[in-house]
Amino acid sequence: MIALALVAVLAGAWYMFWPHTSLPVDPLAAVPADSYGVAHIRVDRVLASDAWKRLIVERGQAKGIERVQVLCGFNPLDRIKELTVFARPAPGGGLPKLAFAARGELNHQELLDCVKKFTGGDDSALTREDIEGIPTVQSKKGSSRAAFIGRDGIVGGDAESVAAVIHTVLQKAPSLSGDLMMKQLYAELEQGSDITLVSRLPEEAKPMIRQLATVAGPKVELLEEIKLFGVTVVTSSAKLAGGITLVTGSTAEANAFVELGKNAIGRLLTIPGIGMTPAYGVLKTVQSEVRGDRATFSGLIKVASVETLLELAPALEAFAGDMVPGAKPDASKPTPAPAPAPTIEQLQPEEPPTKKRKKD
């Protein structure tokens, strides 16, 4: 009887103190409904890939994470299994608000201690606040906030976005999983993909498309008709496989996008010297297809080829500047001296000529 009572007490304590709320299995179910884009990353696969080691770590692009590891004694990315980043429209337009939800073997106290080291070393730099019973911390120096959801979840971003995620997870606000078109596209692309991006075309992108059309031709304006687009990346051994899916309004529009893509690739292949770069082989192997109202493009590139392209990038940029008239000043011609500033007398308005009186 005593053993049974002890088990009952332990079970009650476990129920009382174990977090009841956790991030949903479906990443879109944690993203607020007003978000127009979401990216899901399988962090453990990306960190284990040749692409990460050779293109990021070995090229010195992971110094920020390395600094965290030195300061805090651990690498937060090693603890994260999957990461979801989403974009929401900012009030009044402009750059979107970005926030994230991460799942993994996360020690909340370790993370808090690490944040303190970056913000001053004591508790005074952070403010604790519970939202709907979920603990959050906010920096006193800015508007960023983090929330700990369950044993394995953390949400970060601007304060309003973090609060929106909490209300979404608690089903007090709609989520992006209620968008059937986006949910369907995400479910199709996410299978087997290490990085999956699904988004609507933001309104802020349309003026840039129109500006691009003035240079590349009016057919580029067709991009404004995209309803949804998706991007996938698979980090296989020594290679990167990628795909782009455009959801349009009809099969005719999908065909038009495929033709637009083929024409763009054809123009790139005519650039002098491109045949001597890895980009030529990549462009030649791009596959395109029409599937109902969708236009799809896919390709494969070796990590070694990406390394070569990164090495050639400065030279290619300079070459592109030489190919575009007026894009780069001619160093052989002296820069004309600026015109001298006008004197006060030159700025004075001229007096009208006086008329001579006729003699009587």
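The values are calculated or read from the model by the stated rules, or taken from the named source; none is laboratory data. Everything numeric in this text was worked out from a predicted model, so none of it was measured. Cβ atoms come from the backbone with ideal geometry, glycine included; neighbour counts cover every protein chain shown.
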Exercise. Consider E203 carefully, then state whether it is within 24 Å of the chain's Cα centre (by Cα) and charged (D, E, K, R).
Key: yes
Exercise. Identify, by number, the condition in (1) farther than 30 Å from A205 by Cα; (2) exposed (fewer than 14 other Cβ atoms within 10 Å of the Cβ); (3) in contact (Cβ under 8 Å) with a residue 60 or more places away in the chain that G94 doesn't meet.
Key: (1)
Self-check item: Selected residue (only one of K302, K284 is surrounded by 15 or more Cβ atoms within 10 Å (Cβ to Cβ) and within 24 Å of A238 (Cβ to Cβ))
Solution: K302
Practice problem: Could you look through the range 32-67, keep only residues that are over 25 Å from I301 (Cβ atoms) and touching a Lys or Arg at 6+ places or on another chain (Cβ under 9 Å), and pick out the one that is surrounded by the fewest Cβ atoms within 10 Å (Cβ to Cβ)? | Solution: D34
Self-check item: the range 286-302 residues that are under 17 Å from L228 (Cα atoms), paired with ones that are surrounded by fewer than 16 Cβ atoms within 10 Å (Cβ to Cβ) and among the charged types (D, E, K, R) (beta carbon under 6 Å, 6 or more apart)
Solution: T296/E289
Quiz item: Could you list, in sequence order, the residues of the range 204-228 that are of a type in the set (G, A, S) and in a helix (DSSP H, G or I)?
Solution: A205, A213, A216
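Results for (1) at pLDDT 95 or above; (2) part of a loop (DSSP other than H, G, I, E, B); (3) not aromatic (F, W, Y), shown as yes or no for each residue.
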residue	(1), (2), (3)
G230	yes, no, yes
G249	no, yes, yes
G261	no, no, yes
R267	no, no, yes
V282	no, no, yes
F297	yes, no, no
E307	no, no, yes
A313	no, no, yes
Practice problem: Could you please give the count of residues in the range 127-136 that are out of contact with any helix residue (DSSP H, G or I) (no Cβ under 7 Å at 6 or more places or on another chain) and not hydroxyl-bearing (S, T, Y)? | Solution: 5
Exercise. Scan the range 91-134 for residues that are within 17 Å of S161 (Cβ to Cβ), modelled with pLDDT of 85 or more and under 28 Å from the mean Cα position of the chain (by Cα) and report the count.
Key: 9
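Restricting to the range 237-258, count the residues that are surrounded by 15 or more Cβ atoms within 10 Å (Cβ to Cβ) and either more than 18 Å from L197 (Cβ to Cβ) or over 21 Å from the mean Cα position of the chain (by Cα) (or both).
Number satisfying all stated conditions: 7.
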Exercise. Could you tell me which of the residues L201, L197 is in contact with a Lys or Arg (Cβ under 8 Å, 6 or more places away or on another chain) and outside any helix (DSSP H, G or I)?
Key: L201
Quiz item: Given the conditions (1) touching a residue at least 40 places away in the same chain (Cβ under 8 Å); (2) more than 25 Å from S236 (Cα to Cα); (3) not β-branched (V, I, T), which single one is not true for R59?
Solution: (2)
